[in-house]
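As structure tokens, the structure follows; a few thoughts come after it.
The values are calculated or read from the model by the stated rules, or taken from the named source; none is laboratory data. All of these numbers come straight from a predicted model, not from anything done at the bench. For neighbour counting, all protein chains shown are included, and Cβ atoms are generated from backbone atoms with ideal geometry for every residue, glycine included. Ligands, DNA and RNA are excluded from the accessible area calculation, which covers all protein heavy atoms including side chains. Shrake-Rupley method; radii C 1.70, N 1.55, O 1.52, S 1.80 Å.
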Amino acid sequence: MSSYTRASASSVTSLSVNKMATYCLTVARLQLVLGQGARRFHVVAALNAKAKVAMSRFEPNSSINYDKLRSNIDIVRKRLNRPLTLSEKIVYGHLDNPAGQEIVRGHTYLRLRPDRVAMQDATAQMAMLQFISSGLPKVAVPSTIHCDHLIEAQTGGAQDLQRAKEINQEVYNFLASAGAKYGVGFWKPGSGIIHQIILENYAYPGVMLIGTDSHTPNGGGLGCICIGVGGADAVDVMAGIPWELKCPNVIGVKLTGTLSGWTSPKDVILKVAGILTVKGGTGAIVEYHGPGVDSISCTGMATICNMGAEIGATTSVFPYNHRMRTYLEKTGRGEIAAQANENQDLLVPDSGCHYDQIIEINLSELKPHINGPFTPDLAHPVSDIGSVAEKNGWPLDVKVGLIGSCTNSSYEDMGRAASLAKQALDKGLKCKAQFTVTPGSEQIRATIERDGYAKMLRDVGGVVLANACGPCIGQWDRRDVKKGEKNTIVTSFNRNFTARNDANPATHAFVTSPEIVTALAIAGTLKFNPETDFLTAPNGEKFKLLPPTGDELPARDFDPGQDTYQHPPADGSGLRVDVNPQSNRLQLLEPFDRWNGKDLEDLQVLIKVKGKCTTDHISAAGPWLKFRGHLDNISNNLLIGAVNTENDAVNKIRNYLTGEFGGVPDVARYYKKHNVSWVVVGDENYGEGSSREHAALEPRHLGGRAIIVKSFARIHETNLKKQGLLPLTFSNPADYDKIRPDDKISIVGLKSFAPGKPLKAVIKHSDGSSETFELNHTFNETQSEWFQAGSALNRMKELQK
């Protein structure tokens, strides 16, 4: 932060909150006149007598440009000559060449110019290592790093945060110094979860943002197109290269009626997930519209968009309305709200626009839902879950209830949960289950502490954790059950794959709203339906919980809490970013080898995967997060969660050079050492879940050449292409059954590799027989160049010469 900004901040300690945003904008404009912050700057103003710091970030030269958006939309509208959906307006409004870009939904690749990039610390390590490898001096668009993934939940917020700072000091120092050198803002550990920080500071209606996390679509709650990507995609945008995205289809979800009672915004996406399943949104943007939208808060809309990642959607978005305007004003961005009001026609769908699919949901009839276990699309009304659990033999006792995470940690969420806690406390009850609370940001934490919500949640038995991802991503030192012990947890998270939260494959995790989590934690059982069932107070009194209530936004404005943001200096060229060659946490990258110009002959099947294979199965999180900046070390978790068709075992495959069984990464390393290239064979929606590109980097690093499956999740398929691998799909999905674990596969036709032209697979069985079948791919010309160069990063370097 410049000395001028510090002086400006100290001069406004007595300003009221309502005047703060106007003052910040004035200082911001003055800084531009003085030449400070040509592309972005950071203004800090003290808010109150306690001198707590509020932060406002404005980037007039790069982000808030409705004139450019309007110009691009007008060009495209004339070309297409039809009404546009909101998704189309924002996406096409960011085209690199709106006059010449071919636009066919579901087919053509769009070249886009996103406004900004956001990276969480686990993925930012590899993204920044790749950016360093590019040789570029500074990022070309506003970018930020957010420290939220490396903080393990153990005893409580303050203690866990301090422990994380000590354990991860090397990584945090690397990210902070790399950010300073290359012009990237740095949100320190304790700031909060990336998606909440984006919503509070950087999102605004009409912006296009990409983030190295699959739940980046959270920003759609503020009328943005926010898309989760791998680190290599982020590097493209930071390098000023147009970013490619297959032109998405648009699924319309028409909302009617009004939310009320126990039904919450979370129930909308839980219902949609049950309808579309985990792959029903693949290749599409989900666009919510209709009169029911106005009954949902801005942060509630963000919840819905956030969990849209679980249906495979490219992103989700809501149209601009008064709820968004109020949220912008409450978070110090009143001038942005005023500009959005003036350009509202750009921020809503055109009348008569066409959706590729329409789903209708009457919010007045929607019931509270709970989804799971083991998959986020197994939807049940809360009223049915007790009987369904009994029928299926799922544990009925709720061991732990967990609220918060990037999906549900808003002020409104915490207030509604606290209202239930207060009702229980008033009757002398506390939670029967363990109960944890994860604030989404330092601003949320400070505000719920000030307003008493945190105390209510603690008094009912809760533990307030650090402002971080925590148990949602497996950063949870859970000790109340043994590994392998069947148990049930209920969370307000977004994802509930096997072993995701606590590394215990026997944990039955259900996702629902914070309100239902709180009610079930108080009752201690899945059989409790808060709409109809009674609780018993210590004095024997029977009582029902009244429907939860809570303010959408704090009446006294937000308390920003501690200042946790580091702005990059105007010139970081003289700074150094050191990586210790002996480090086991960080490792500079070596370029992958180029394609040798020949077909891929006799690839050994490393593993034929059975059933669901998410990025958690391919590259586990939890304790492995500490190696996200060290490719060789993180590769020791390659596919350790995938089920082998040969023996139905996890992390146990046959080494066909020795005949012995071993772990997947061990066998892969053995093959690599002996110059044996290999291939993975998988099932449907391979790579669903997280955006983590380590699930693509690891197989490439250990000698993999191709992944052949029935179908891919969008982000993972792109990540594989970026790293020089061949993601291929069976032309006939039944051909999956023809492949045996001991087969060798040749991929033929690469010398004439071209968009839309299938390749052939020649399968050699161990009994001497062979067969041939067709493999499809989605490579375009640019992506083919990535494969030929060995990776997208290699190709970038070639173009710089």
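Under 16 Å from the 7 Å Cα→Cβ point of E449, by amide nitrogen: which residues of region 177-194? Only 189-193 pass the distance filter. Would you give the gap between the C-alpha center of region 439-486 and the C-alpha center of region 689-744, rounded to a whole Å? If you average the Cα positions of each part, the centres end up 36 Å apart. Stretched out straight at 0.36 nm per residue, the stretch from A555 to V388 would grow longer than its current Cα-Cα span by 56.0 nm. Out of every Cα-Cα pair that the chain contains, those further apart than 45 angstrom amount to 21 percent. Restriction of the GluC sites (Glu not before Pro) in region 573-673 to DSSP coil positions whose beta-carbon has at most 13 other beta-carbons within 10 angstrom yields E660. Peptides 588-594, 261-267 ordered by packing proxy, namely the average of other Cβ atoms within 10 Å per residue, highest first: 261-267, 588-594.
Spin-label model, E785/H107: points 7 Å from Cα along the beta carbon direction are separated by 2.4 nm. Our note on the geometry: Cα centres of region 509-560 and region 170-232, 32 Å apart. For the pair K801 and T532, label points projected 7 Å from Cα toward Cβ lie 7.2 nm apart. What separates the Cα centres of region 81-125 and region 359-413 is a distance of 33 Å.
Under the definition of Cα pairs under 8 Å and six or more residues apart, what whole-number percent is the relative contact order of region 369-542? The value is 33 percent.
Alpha-carbon geometry of region 350-485: the Rg and the Dmax are 18.0, 56 Å, given in that order. Helix-only arithmetic for the chain: the sum of -39500 (n - 2.57) across DSSP H runs with n ≥ 4, divided by the residue total, places the mean residue ellipticity at 222 nm at -9000 deg cm²/dmol.
Averaged over residues, the count of other Cβ atoms within 10 Å places the peptides 746-756, 232-242, 320-330, 690-700 in the sequence 690-700, 232-242, 320-330, 746-756, highest first. For the chain, averaging the sequence separation of C-alpha pairs within contact (under 8 Å, six or more residues apart) and dividing by the residue count gives a relative contact order of 13 percent. The 3J(HN,Hα) values that the Karplus relation (6.51, -1.76, 1.60; θ = phi - 60°) gives for region 162-173 are, in residue order, 4, 4, 5, 4, 6, 5, 9, 3, 4, 5, 4, 5 Hz. Gly and Pro appear as x.
Per residue, the average separation of C-alpha pairs within less than 8 Å and at least 6 apart gives region 215-352 a relative contact order of 33 percent.
What net charge is computed for the residues neighbouring K764, neighbours being all others with C-beta under 14 Å from the C-beta of K764, Lys and Arg scored +1, Asp and Glu -1? Neighbour charge sum, excluding K764 itself: -3. Taking a ≥ b ≥ c as the square roots of the eigenvalues of the Cα gyration tensor, region 76-362 is classed as oblate, since a/c reaches at least 1.5 and a/b does not exceed b/c. Shape call for region 381-448 from the C-alpha gyration tensor, a ≥ b ≥ c root eigenvalues: rounded (a/c under 1.5), prolate (a/b greater than b/c) or oblate? Here region 381-448 falls in the prolate category.
Per residue, the chain exposes 35 Å² of accessible surface when a 1.4 Å probe is rolled over the protein heavy atoms with every protein chain present. Peptide packing: for 419-426, 780-787, the average count of neighbouring Cβ atoms within 10 Å per residue gives the ranking 419-426, 780-787, highest mean first. A straight chain from F661 to K78 at 0.36 nm per residue would run longer than the Cα-Cα distance by 203.7 nm.
Apolar share of the accessible surface for the chain: 49 percent from carbon plus sulfur atoms, 1.4 Å probe.
A crude spin-label estimate for the pair D480 and L396, with each label 7 Å from Cα along the Cβ direction, gives 1.9 nm. Volume per residue of the convex hull around the Cα atoms, evaluated for region 600-800, comes out as 117 Å³.
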